[in-house]
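Trainee: Here it is, the structure, as structure tokens.
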Amino acid sequence: MADIIQLLPDHVANQIAAGEVVQRPASVVKELLENAIDAESTEIKLIIKDSGKTLIQVIDNGKGMSVTDARLSFERHATSKIRAAEDLFNLHTKGFRGEALASIAAIAHVELKTKQEQDELGTQIEIEGSDLKAQNVVVTPKGTSLAVKHLFFNIPARRNFLKSNAVELRHIIDEFHRVALAHPSIVFAMYHNGSEIFNLPSSNYRQRVVNIFGGKTNEKLVPVEETTEVLKISGFVGKPEFAKKTKNEQFFFVNNRFIKSPYLNHAINSAFEGLVKDGAHPSYFLNLTVDPKTIDINIHPTKTEIKFDDEHTLYAILRSAVKHSLGQFNIAPVLDFDSDPNLNTPYDYKDKSVATPPTIEVDRDFNPFKEKVSHGGGSSKPVVAFKKQNTSSWDSLYVGLESKSTQQDHNFSEVEFESDSKNETLFDDSQTETTQATYQLHNKYIVSTIKSGMLLIDQHRAHQRVLYENLLKNMTVKEAVSQQLLFPLQLHFSSTELPILIQLKEDLESTGFVFSSVKDHTIEITGVPLGVPESEVSIILEQLISDVEQEVPDSNFSATDLLAKSMAKSLAIKTGQSLNKQEQEHLVNSLFACKEPTVSPTNKTTFITMSVDDIDKKFM
Ligand code: ADP
Ligand code: MG
């Protein structure tokens, strides 16, 4: 039989490698920025168009390349950074695989301009899908400019796989942050579609963090410094009260290289244990310096994973260094009578006025000596009887269906519901309309009767469904009502968060938000959707940002849908919230007026039914 094995042509091999190295525009950004740093640049500019789908360009003032090197740089495994296998254990550069440029040039249109200091003229090279299209002598400043256009032009599947501009830009900014944080002394600038997003002067580490994450960051940083034989730690952790819903302020750098390490992350979390709420993530910006011989970065082409020789020791040192800092800066609870009172005052209360004294509700009907026939064991009653609402629901449980609700307060005004087109077949009309056949169980479920038996509704999920459908409708017909705020609300966001909100601005407006200005790190809001309390606005927006970030990679991104889901989640009645009869009924009716009442917007069951037969069986 004839031989069938062949060596793949270079351009095919490059395309395959590109699949590993270049997952999305942000991967290109990372490779180009790292090359600029390896070239000892002191100023680096990143220019992006359409979230990298149209253009990614990095311009540096580094050492540039000779004519031959310029050509060679696009060959696979062509690198100036290592020469022998031993060098792998003593790396001082970001790159070393010599794969990036070859891979990128295989799947995009690339234009390189480069000049070394001593040369009069520079070199310009154009490559499209590994094919050399042009090579010229050009006038160009010292350093290198690499422009990558039409990424994935020859791999439509990849191109289609890219997510919305908001998400891709988010990834690019993440990469930019990582590189810029690791090199505070280098000047960085970033532009997107012609507008400047970052302009970072050469500075110290603290200033770099503040320049990236906004002026307010300064007050929340707690320094962490530790030097041991195996490890040097320097950097900052955020004070616990500033812990965030998202993980986008968590950075580890090992020898100036950004890395992800769930294990070391755990060390930090355990140092913060008891100081942050569940689900909140402390910020950290930590640089670890170790002997390059004790780590192995060669695990993955994109190099965010790393293997340490002695992880356990690093864990212990890191945890204790962070704990120590938190304690030293009065963050961890210590018995200290002279402590700064500001530290102990919850931030929410600090600026609140006390113009309206707290109201105290007294149950005037309460008489501990009055007999209540339906309750047995009168001695324990007074404790329960203080809360009027509780007693009334207990009463209705005992007295049963004839007790009509007397409560008139209708404070259930989140968003207007429609309840006219009730699902007739499911409900026994005579029961739901004439009697108060709902009951709230553990402030979590609503029990209601239906023809065949009973219905158990998860209040949080059900309300999410109702709000979700309403929001979607409002957004598509664009007739949401907004309520004007007396004083504009100013909210601060980091430069990572801001672009996400800007991308979603139009959709947010269609729900009733009115933005009066967006500048620097601040958004000014003058109107909010009807029924949305002002105090909830920042929570809604933060949740939204976190939802955009955590969006599952393959799902089809629809900004409207995500926004509706996210807002529904934030605004829905929570588990634990007590509802009066009218609210309960309203919720039940609204749920069954929905198009898809059976599941929540995230596809979780909203209610279960139990037929009388089922119940009968339980009594057999
Ligand atoms: P690696 O960075 O792993 O060496 P790359 O494919 O990223 O591989 O780059 C190949 C080579 O091209 C580098 O080793 C370097 O010599 C040269 N090079 C790439 N970018 C630049 C740049 N911005 N300035 C100077 N030289 C560069
Ligand atoms: Mg490289």
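Trainee: List the number of the failed condition for L544; all other conditions in (1) within 30 Å of I500 (Cβ to Cβ); (2) without any contact (Cβ under 8 Å) to a residue 12 or more places away in the chain hold.
Mentor: Result: L544 fails condition (2) only.
Trainee: Taking A13, is it outside any loop (DSSP other than H, G, I, E, B), on the phi < 0 side of the Ramachandran plot and away from ligand 2 (no atom under 15 Å from the Cβ)?
Mentor: In short, yes.
Trainee: Another question, if that's okay. Where residues in the range 94-113 are closer than 17 Å to G143 by Cβ and away from ligand 2 (no atom under 14 Å from the Cβ), which of them is surrounded by the fewest Cβ atoms within 10 Å (Cβ to Cβ)?
Mentor: E111
Trainee: So, in the range 188-212, how many residues would count as being buried (at least 18 other Cβ atoms within 10 Å of the Cβ), within 26 Å of L55 (Cβ to Cβ) and touching a Ser or Thr at 6+ places or on another chain (Cβ under 8 Å)?
Mentor: 4
Trainee: Going through K505, K569 one at a time, which residue ends up being farther than 19 Å from L467 by Cα and basic (K, R)?
Mentor: The match here is K505.
Trainee: Any residue at all in the range 46-60 that's of a type outside the set (A, V, I, L, M, F, W, C), within 12 Å of ligand 1 (Cβ to nearest atom) and within 25 Å of I186 (Cα to Cα)?
Mentor: So far as the range 46-60 goes, yes, one or more of its residues are of a type outside the set (A, V, I, L, M, F, W, C), within 12 Å of ligand 1 (Cβ to nearest atom) and within 25 Å of I186 (Cα to Cα).
Trainee: A follow-up question, please. Just to be sure I understand, how many residues within the range 276-296 are part of a loop (DSSP other than H, G, I, E, B) and either among the small types (G, A, S) or under 20 Å from the mean Cα position of the chain (by Cα) (or both)?
Mentor: Adding up the residues that qualify gives 7.
Trainee: Restrict the check to the range 17-24 and report whether at least one residue is surrounded by 16 or more Cβ atoms within 10 Å (Cβ to Cβ), under 21 Å from T304 (Cα atoms) and away from ligand 2 (no atom under 16 Å from the Cβ).
Mentor: So far as the range 17-24 goes, yes, one or more of its residues are surrounded by 16 or more Cβ atoms within 10 Å (Cβ to Cβ), under 21 Å from T304 (Cα atoms) and away from ligand 2 (no atom under 16 Å from the Cβ).
Trainee: Yes or no: L32 touching a strand residue (DSSP E or B) at 6+ places or on another chain (Cβ under 7 Å) and within 12 Å of ligand 2 (Cβ to nearest atom)?
Mentor: The answer is yes for L32.
Trainee: Let me confirm something: among A78, A70, A85, which residue is within 15 Å of ligand 2 (Cβ to nearest atom) and more than 38 Å from the chain's Cα centre (by Cα)?
Mentor: When all the criteria are applied, what remains is A70.
Trainee: Between a residue in the range 93-121 that is at negative phi and away from ligand 1 (no atom under 12 Å from the Cβ) and any residue that is at pLDDT 90 or above and open to solvent by less than 20 Å² (accessible area, probe 1.4 Å), which pairs come within a Cβ distance under 6 Å, given they are 6 or more apart or on different chains?
Mentor: Cβ pairs passing all conditions: I107/F152; A108/V148; A108/L151; E111/A147.
Trainee: Oh, and also: For the range 41-62, enumerate the residues that are surrounded by 18 or more Cβ atoms within 10 Å (Cβ to Cβ), more than 14 Å from ligand 2 (Cβ to nearest atom) and among the charged types (D, E, K, R).
Mentor: Scanning the range 41-62 gives K45, K53.
Trainee: Still on this structure, I have one more. Give the residue, chosen from L530, L508, that is within 19 Å of L485 (Cα to Cα), open to solvent by 20 Å² or more (accessible area, probe 1.4 Å) and not hydroxyl-bearing (S, T, Y).
Mentor: L530
Trainee: Would you point out the residue of the range 437-466, among those that are at pLDDT below 90 and open to solvent by less than 40 Å² (accessible area, probe 1.4 Å), that is farthest from L579 (Cα to Cα)?
Mentor: Taking the candidates together, the pick is G453.
Trainee: Being more than 22 Å from the chain's Cα centre (by Cα), surrounded by fewer than 19 Cβ atoms within 10 Å (Cβ to Cβ) and not β-branched (V, I, T) is the filter here, so list the residues in the range 213-253 that pass it.
Mentor: Matches in the range 213-253: E219, P223, E225, E226, E229, K232, S234.
Trainee: Still on this structure, please answer the following. Identify all residues within the range 562-609 that are open to solvent by 40 Å² or more (accessible area, probe 1.4 Å) and farther than 17 Å from Y439 by Cα; write none if there are none.
Mentor: Across the range 562-609, the qualifying residues are K565, K569, K595, E596, T598, T602, N603, K604, T605.
Trainee: Going through the range 114-127 one residue at a time, which ones are touching a strand residue (DSSP E or B) at 6+ places or on another chain (Cβ under 6 Å) and open to solvent by 20 Å² or more (accessible area, probe 1.4 Å)?
Mentor: Listed by number, the residues that qualify are K115, L121, E126.
Trainee: Return yes or no: is D291 of a type outside the set (S, T, Y), farther than 15 Å from N265 by Cβ and modelled with pLDDT under 80?
Mentor: no
Trainee: If only one of D69, D3, D87, D38 is out of contact with any strand residue (DSSP E or B) (no Cβ under 9 Å at 6 or more places or on another chain), acidic (D, E), more than 27 Å from S164 (Cβ to Cβ) and open to solvent by 60 Å² or more (accessible area, probe 1.4 Å), which one is it?
Mentor: D3
Trainee: Can I ask one more? Just to confirm my filter: which helices (runs of 4 or more DSSP H) fall fully inside the range 503-620 and include at least 3 residues that are within 27 Å of N248 (Cα to Cα) and in contact with a helix residue (DSSP H, G or I) (Cβ under 6 Å, 6 or more places away or on another chain)?
Mentor: It comes to 537-549, 559-571.
Trainee: Given the options S27, S41, S66, S73, name the one that is small (G, A, S), closer than 18 Å to E128 by Cα and within 13 Å of ligand 1 (Cβ to nearest atom).
Mentor: The conditions single out S73.
Trainee: Out of curiosity, is L489 of a type outside the set (S, T, Y), at pLDDT 85 or above, within 22 Å of M567 (Cα to Cα) and assigned to a helix (DSSP H, G or I)?
Mentor: no
Trainee: Mind listing whichever residues of the range 258-275 are open to solvent by 20 Å² or more (accessible area, probe 1.4 Å) and either in a helix (DSSP H, G or I) or touching a helix residue (DSSP H, G or I) at 6+ places or on another chain (Cβ under 7 Å) (or both)?
Mentor: Selection gives F258, P262, Y263, N265, H266, N269, L275.
Trainee: Looking at (1) assigned to a helix (DSSP H, G or I); (2) more than 12 Å from ligand 2 (Cβ to nearest atom), which is the one condition that is false for S27?
Mentor: (2)
The values are calculated or read from the model by the stated rules, or taken from the named source; none is laboratory data. Predicted model, so just to flag it, every value in this text is computed and none were measured. When we count neighbours, we look across all protein chains shown, and the Cβ atoms used for this are built from the backbone with ideal geometry, even at glycine. Areas reflect the complete protein model, heavy atoms only, side chains present, ligands, DNA and RNA absent. Shrake-Rupley method; radii C 1.70, N 1.55, O 1.52, S 1.80 Å.
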